[in-house]
1. Can you give the mean number of other chain Cβ atoms that lie within 10 Å of the Cβ atoms in peptide A:114-124?
2. Can you give me the three principal axis dimensions of the range A:16-68 from its C-alpha atoms, in Å, biggest first?
3. For helix B:196-211, report the angle its Cα long axis makes with the longest principal axis of the Cα atoms of chain B; keep it between 0 and 90° and round to the nearest 10°.
4. Jot down the radius of gyration and Dmax of the protein assembly as shown, Cα atoms only, both in angstrom.
5. Per residue and in Å³, how big is the convex hull formed by the alpha-carbon atoms of the range A:25-104?
6. For a footprinting-style exposure proxy, rank A:222, A:232 by other Cβ within 10 Å, fewest first.
7. Which log10 I(q)/I(0) values does chain B give at q = 0.07, 0.08 Å⁻¹ under the Debye formula, counting every alpha carbon as one identical point scatterer?
8. Quick one: work out Rg over Rh on the C-alpha atoms of the range B:181-328, Rh as Kirkwood radius.
DNA sequence: CTGAAAGCGCTAACAA
DNA sequence: TTGTTAGCGCTTTCAG
């Protein structure tokens, strides 16, 4: 059974296409009798208006595109969830694509979105894109008058609405928390490459150190790429100095750091306190449970979607950048020293 | 800058639309000279063919729809990841929607997909849908000749391609593993409602018991709804009998069971062994690490997408049901008793 | 080599 | 109350 169109129905009743169109749309212009006949037949034949045709006509699709760097990261899943929720409440559907942190894939996706498929776009930049600072594909889209909202991984090079996490403040807050419970030598394990996010957190870290007159020691910043062996890195670190606190810049890193530290016989939090970023499912259930920075992913998603939908509906407003504050969830991996 | 169309370009050069169309498509019918001029202008103006128009013309969209019940569940995220990968390799995009286990939302989504928006559909049924056994929306879609592949949460009521996990065998295998290491009283904590998946696992469980002449005790099957308090349920269970093994039918349940059991002073695995289903990020990092059933989510996604794309490209083949075997990842929460 | 016309499926003036 | 026409943006015969 192939899809039935207005034309098919019109043929069946020997009336014009527009008559059928009006009938199925329950227009008052059509006689009750004819309308009923047509509507029944339409239902029987499972008639559904073709959305492509409607979209073409209305020059709007009621869908929004979403590009995230990595769907296996719980933060982005939460954001996605928030976006989906708000989008749905407002009658929008979502086309979601994964850039996999690759600039090339991101551009390909953006190319696709830049062709009438979506009414607006939400995107968090791929790491590669942030590093290379190449934003042509996106600026093309913006130039084509497609509303764009950037979240989390943003760039100053683009003029559009943005939703960012207050990563600077988060870095500051975590460091201060560690200092307050008595840590002096605080290491940072950074798996985020050279992303904007990681940089901001480090700036916050430095500010907190300054505030307490603790000298900044670059050797305490461990940059972790996928090739590195965490075990080895930690070994260097722990032999280098007496470490009292460690900040892991994402959840899985914090969990792994915890493992390594425990395996080496340290007691967490009595010997070493640990804080992680990006609160997800893991940190609550490891032993000891990890103190984490929650970025409120779902909320960010909701906010982002609201911003976008708002712009779609009322264009021309000045661009906004919303900053979402993080929360520190204090659990068992950080302990007040007496 | 509004989107530029063929018409605009035609106007600019005072030629016909079809000439421009041919020029941008690099047709040999157009003089090299004109072609170059037009192509340059098109590039300069960021011309992109409107996909909606093309899709309407070709009656195909090169996108596939995906409906998952719950995106916060790591299994479904993995499947999604696999689908996206294969889809992408084959030039398809993905529209993903979340049914949130709600029948109503699912139908709404299916309604949307049943209107020319996608070339095919991948779906795992919402729990509610499985319980109520109402599949009208989906069967409408199938009747409208839109290829559908069902995965994981499937139903016999629908004729289409399917990819299922061998949940029966998985239930059997886990139970047998526990019996082999010396467990007699094996409880099951089932948070999956009355889904097909849970039922099959329980059947496997019973078969294993039978095989070893262990009487089946329905009191050892704990159905866990979101309203239930796991702590209380476990309290009943542990007071009822000496439990030696517990199977949690999803990851978070297994982790929580582990927590409760540990909190009550039992040693895992010496007093009680625990196995969970749906291997995700959690189970590896809890203490002790949990023995889990891996369902190979990513592989399932890939397989599902391949099946769908195959059917889109060559319709008319007989329907297939592929069964994916699980693997048991033995970790520290199950121990050989001597 | 270039253009006119038809059509994908639908809606919305405007006529009849 | 019903039908005609035009058009959304594009491709594709078929004439010129």
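Please treat every number below as a calculation from the coordinates, not as lab data. These numbers come from a predicted model, not from an experiment. Here the Cβ is made from the backbone with ideal geometry for all residues, glycine too, and neighbour counts use every protein chain on show.
1. Neighbouring Cβ atoms belonging to other protein chains average 3 per residue here.
2. Taking the Cα atoms of the range A:16-68, the three principal extents are 51, 22, 16 Å.
3. 30
4. Computed over the Cα atoms of the protein assembly as shown, radius of gyration and Dmax are 28.4, 90 Å.
5. Each residue corresponds to 150 Å³ of Cα convex hull volume.
6. A:232, A:222
7. Log-scaled intensity ratios, in q order: -0.41, -0.50.
8. 1.06
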